[in-house]
1. Taking the range B:196-235 on its own, how many of its residues are within 14 Å of another protein chain (Cβ to nearest Cβ) and open to solvent by 50 Å² or more (accessible area, probe 1.4 Å)?
2. May I ask you to list the residues in the range B:236-256 that are open to solvent by 10 Å² or more (accessible area, probe 1.4 Å) and under 23 Å from B:F194 (Cα atoms)?
3. Has the range A:139-158 got any residue that is assigned by TED's automatic domain parsing to the domain that holds A:R234, touching a His at 6+ places or on another chain (Cβ under 7 Å) and either under 25 Å from A:A109 (Cβ atoms) or at pLDDT below 95 (or both)?
4. Which numbered condition in (1) more than 30 Å from B:E315 (Cα to Cα); (2) surrounded by fewer than 18 Cβ atoms within 10 Å (Cβ to Cβ); (3) at pLDDT 90 or above is the only one that B:D177 fails?
5. When the range B:85-104 is examined, which residues are found to be surrounded by 20 or more Cβ atoms within 10 Å (Cβ to Cβ) and either more than 9 Å from every other protein chain (Cβ to nearest Cβ) or assigned to a loop (DSSP other than H, G, I, E, B) (or both)?
6. Which of the strands (runs of 3 or more DSSP E) contained wholly in the range A:135-228 include at least 1 residues that are touching a helix residue (DSSP H, G or I) at 6+ places or on another chain (Cβ under 9 Å) and of a type in the set (D, E)?
7. When you go through (1) buried (at least 19 other Cβ atoms within 10 Å of the Cβ); (2) part of a helix (DSSP H, G or I); (3) over 14 Å from the mean Cα position of the chain (by Cα) one by one for B:S107, which number turns out not to apply?
8. Cβ contacts < 7 Å: first residue within 10 Å of another protein chain (Cβ to nearest Cβ), restricted to the range B:32-61; second residue among the basic types (K, R) and outside any loop (DSSP other than H, G, I, E, B), any location; separation 6+ or different chain. Result?
There are 2 protein chains.
Amino acid sequence: MNLKQLAAHLGLSQTTVSRALNGYPEVSEETRKRVQQAADQHNYRPNTRAKALATGRAMAIGHVIPLSSRHEMMNPIFGDFISGAGESYSNAGYDMVLSLVADKEQSSAYHEMVAKRNVDGIVLHAPEMRDPRITLLQKIGLPFAVHGRATEITTPYSWLDVNNRSAFQRATDFLLDLGHRRICLVNGQENMDFAFRRRRGYEAALTARGVEIDPQLLFADEMTEVYGYETVRRTQRLDDPPTAYLVSSIIAAFGVRRAIEESELVMGRDISVITHDDDLSYLRNGADVPVFTATRSSVREAGRKLAQLLITQIETPGSPPLTELLEAELTVGRSTGPAPNRT
Amino acid sequence: MNLKQLAAHLGLSQTTVSRALNGYPEVSEETRKRVQQAADQHNYRPNTRAKALATGRAMAIGHVIPLSSRHEMMNPIFGDFISGAGESYSNAGYDMVLSLVADKEQSSAYHEMVAKRNVDGIVLHAPEMRDPRITLLQKIGLPFAVHGRATEITTPYSWLDVNNRSAFQRATDFLLDLGHRRICLVNGQENMDFAFRRRRGYEAALTARGVEIDPQLLFADEMTEVYGYETVRRTQRLDDPPTAYLVSSIIAAFGVRRAIEESELVMGRDISVITHDDDLSYLRNGADVPVFTATRSSVREAGRKLAQLLITQIETPGSPPLTELLEAELTVGRSTGPAPNRT
DNA sequence: TTGAAAGCGGTACCAT
DNA sequence: ATGGTACCGCTTTCAA
């Protein structure tokens with residue numbers, strides 16, 4: 001059932017029916033009621049494509065996910081974030097279109113999105129410190145919002161981020177409180193913005209206590225198990241090996257932990273491992289790793305907020321960019337009771 | 001730049017330009033070349049919405065994800081599956097639109113999709129044994145493919161599934177080989193099709209060895225940590241408590257494992273835990289739980305295949321439904337070297 | 001081989 | 001308050 005048929009059925013013009021359905025004031029209440037009823041009855045929904053073509057609004061928002069091994073965006077956090085965003089979208093009547101794109105095709109993917117005009121805005125994930133995608137989108141003029149920030153980009157844009165610096169500062173503080181002085185930072189690649197910020201937090205904590213920063217204990221790489229594993233093997237051979245590891249991703253933390261358990265090198269040494277990830281709290285009680293983490297629900301919340309932020313921006317043209325900084329929750333060690341049932 | 005402008009620029013009609021770009025045979029090679037060049041130069045991309053409206057094809061496929069606590073679809077596997085599907089889509093020129101929908105709104109969501117005509121087909125996740133969504137889509141006539149199967153629905157439809165029955169049969173066999181006779185099945189809700197099949201595999205293994213099936217050792221519920229935790233507490237109080245747990249989800253397995261470690265009840269008893277999940281292999285070396293699992297790459301592969309299957313079906317109307325059954329990989333225990341670097 | 005024109009299903013301006 | 005109609009950008013039939 002389309003508008004024309006519905007209008008014919010009612011003996012009205014398309015114009016009137018359209019107006020009635022879209023809440024225009026110049027329609028008599030009686031007519032509106034009649035139209036609404038008929039529409040409900042026939043389960044009428046305007047054809048999205050036609051509407052989009054006529055209005056110039058696609059009523060859809062794109063998420064472009066880099067499909068490379070480097071970012072590992074498709075990790076557990078992703079599901080929760082997306083599901084939060086999805087909530088905002090469906091409330092506001094937007095569709096969410098997902099593009100999984102290989103790294104090299106990133107920029108062409110954006111151009112394509114803009115040229116094909118099938119989204120009204122874009123959410124950008126896992127920004128680098130000077131992310132070319134941001135500059136690109138600014139030039140293109142397509143509304144966008146970033147999950148994270150790009151330190152080296154100074155022109156304003158909308159973003160939402162967790163406070164990675166403070167999170168890692170607190171984590172480091174925690175280890176210092178335990179008496180550790182040789183703390184190894186197993187970080188992600190530091191062109192990723194979050195990784196850079198995390199290192200700054202780590203350094204700030206050490207500096208505040210007058211502990212020297214040892215470059216031999218600083219690592220930055222793609223976060224895999226092997227990376228974590230090898231880093232432990234290597235650092236434990238140092239003359240003055242670390243007694244604690246602060247790991248930037250739970251995946252790498254698994255490698256770290258396994259190396260510690262296996263290694264004859266660390267026999268008898270008391271080593272702490274602490275890790276952070278945007279969300280892996282459901283592992284908190286299963287993996288023997290103290291996890292410093294945002295809870296699942298707060299990741300959802302982040303998705304919800306970021307999406308809302310973008311929608312606001314799309315719908316109020318000319319509005320200034322919006323930003324929001326969330327504090328990460330800190331949870332250390334294993335809980336004692338059963339984990340709360342997440343509903 | 002749109003078609004009209006491009007045509008004007010070339011001094012040709014829209015018709016000719018359109019034909020040249022879409023590979024119609026009746027265009028002179030010379031013209032085609034000229035057009036193609038101009039198009040490239042101006043970075044022309046046809047407006048998706050206009051094209052969709054004109055052709056009746058949306059060039060998009062919908063994934064409807066139930067947003068309830070019950071299914072927990074948004075789990076780690078999801079990312080890999082989606083990313084595999086995304087690959088197929090982008091190769092075939094389709095967009096992927098994600099709908100996160102509350103349980104109660106499921107059926108209206110489907111109706112809406114069909115009425116709004118913004119997708120050419122749908123992928124259905126986490127089917128129940130007699131899933132009403134399948135019947136609904138069949139009635140509506142929108143092409144779809146199911147990730148999983150619905151045992152009680154006999155009319156043919158397209159699906160792709162892992163062989164849950166054989167997977168659990170093999171897992172149970174493994175435990176029987178270890179000498180266990182009291183094996184507790186910590187299953188998911190058995191209206192979910194996969195859970196039902198898993199139980200059948202478990203039962204088949206026991207029966208084959210003449211081990212009696214004890215209803216006291218059969219559990220089916222939403223897979224949370226608490227559920228796993230409580231199940232252990234409860235079963236360890238039995239006169240003849242289980243010596244092994246076969247757990248249908250790694251999340252529940254965490255609860256199981258923790259209960260075992262904490263409980264004074266099980267002190268000194270040697271208990272095996274084995275778990276299955278569509279994919280959590282990256283935990284394999286981190287969580288002390290032997291994991292029976294499909295690897296991440298095979299989950300991606302499943303996504304890729306299912307998407308391809310749906311595309312084929314959409315593009316060859318009248319074709320019979322396609323199906324595919326994948327065997328799960330079995331990996332038990334912890335690996336000895338560092339985990340292979342996943343690239 | 002090329003072009004004119006009629007849709008696709010809506011919206012929105014201009015009349016009445 | 002209601003209707004006629006041009007238009008959004010593309011495909012496709014029909015004619016030349």
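1. Result for the range B:196-235: 4.
2. Passing the criteria: only B:I251.
3. Taking every residue of the range A:139-158 in turn, none turns out to be assigned by TED's automatic domain parsing to the domain that holds A:R234, touching a His at 6+ places or on another chain (Cβ under 7 Å) and either under 25 Å from A:A109 (Cβ atoms) or at pLDDT below 95 (or both).
4. If we test B:D177 against (1) more than 30 Å from B:E315 (Cα to Cα); (2) surrounded by fewer than 18 Cβ atoms within 10 Å (Cβ to Cβ); (3) at pLDDT 90 or above, just (3) comes out false.
5. B:S88, B:Y94
6. A:158-162
7. (1)
8. B:R45/A:K116; B:N47/A:K116; B:T48/A:K116; B:R49/A:R49; B:A52/A:R49; B:L53/A:R49; B:A58/A:R49
The values are calculated or read from the model by the stated rules, or taken from the named source; none is laboratory data. Keep in mind the model is a prediction, meaning the values are calculated, not measured. Positions of Cβ are generated from backbone atoms using ideal geometry, with glycine treated the same way; all protein chains shown enter the neighbour counts. Ligands, DNA and RNA are excluded from the accessible area calculation, which covers all protein heavy atoms including side chains. Shrake-Rupley method; radii C 1.70, N 1.55, O 1.52, S 1.80 Å.
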